[in-house]
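The values are calculated or read from the model by the stated rules, or taken from the named source; none is laboratory data. These numbers come from a predicted model, not from an experiment. We place every Cβ from the backbone using ideal geometry, glycine too, and count neighbours over all the protein chains shown. Side chains are part of the model used for accessible areas, which takes the heavy atoms of the whole protein and leaves out ligands, DNA and RNA. Shrake-Rupley method; radii C 1.70, N 1.55, O 1.52, S 1.80 Å.
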Amino acid sequence: MTILGIVIGVVVLLLAVGALVRLAIVNARRRTRSLGAVAQQLGFSFSAAAPDFLGDAQLAAPLFITGDDRMAENIMEGSVDGLRTVLFDYRFEVANSGDDPGTITRIQSVAAFASPSHRLPSFRLQKKRLLSLSFKRVDVEGSPEFSKRFFLTGKNA
């Protein structure tokens, strides 16, 4: 392979990586604008990012001690039928498994509710995967389609 071929290959690779990064940034900005509009329609406050939000919100869940560089983004806060409601994207870094020593950025959408007069259960809802096994699984009666597509777990199951 000639030096010119190597240089062209490197340039093409850099352009492709640059295009992917730009696309990711554009999509993230579009999501933030869309969620801001939804928050406004709901009468909720909206913040694109809040570095101290996780500590200030006093949300107790194992998820919020997961990973490094934890950050809440696209935060919508308001009240629905007397329940304090917070919706946000939780971004964190985890160690990559395998031979690569780097990290992977994970983003988890979170809905949290609080009520001064009710004790609300903690639960986790996720798309069903091949190995979604648990002894604490909650089946939703009367909705077999829901149970086929999603996996719901909680402490009281």
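Among the residues making up the stretch 103-123, a single one is closer than 13 Å to Ala72 by Cβ and hydroxyl-bearing (Ser, Thr, Tyr): Ser109. Of all residues in the stretch 85-113, those that are without any contact (Cβ under 8 Å) to a residue 12 or more places away in the chain have Cβ atoms under 6 Å from Cβ atoms of residues that are exposed (fewer than 10 other Cβ atoms within 10 Å of the Cβ) and part of a loop (DSSP other than H, G, I, E, B), 6 or more apart or on another chain, in Asn96/Gly102. Taking each residue of the stretch 15-44 that is in contact (Cβ under 8 Å) with a residue 24 or more places away in the chain and among the aromatic types (Phe, Trp, Tyr) and looking for partners that are outside any helix (DSSP H, G or I) and surrounded by fewer than 11 Cβ atoms within 10 Å (Cβ to Cβ) with beta-carbon atoms closer than 7 Å, six or more apart or interchain, yields nothing.
Filtering the stretch 86-95 to residues that are open to solvent by less than 80 Å² (accessible area, probe 1.4 Å) and under 14 Å from Asp68 (Cα atoms) leaves Tyr90, Arg91, Phe92, Glu93, Val94.
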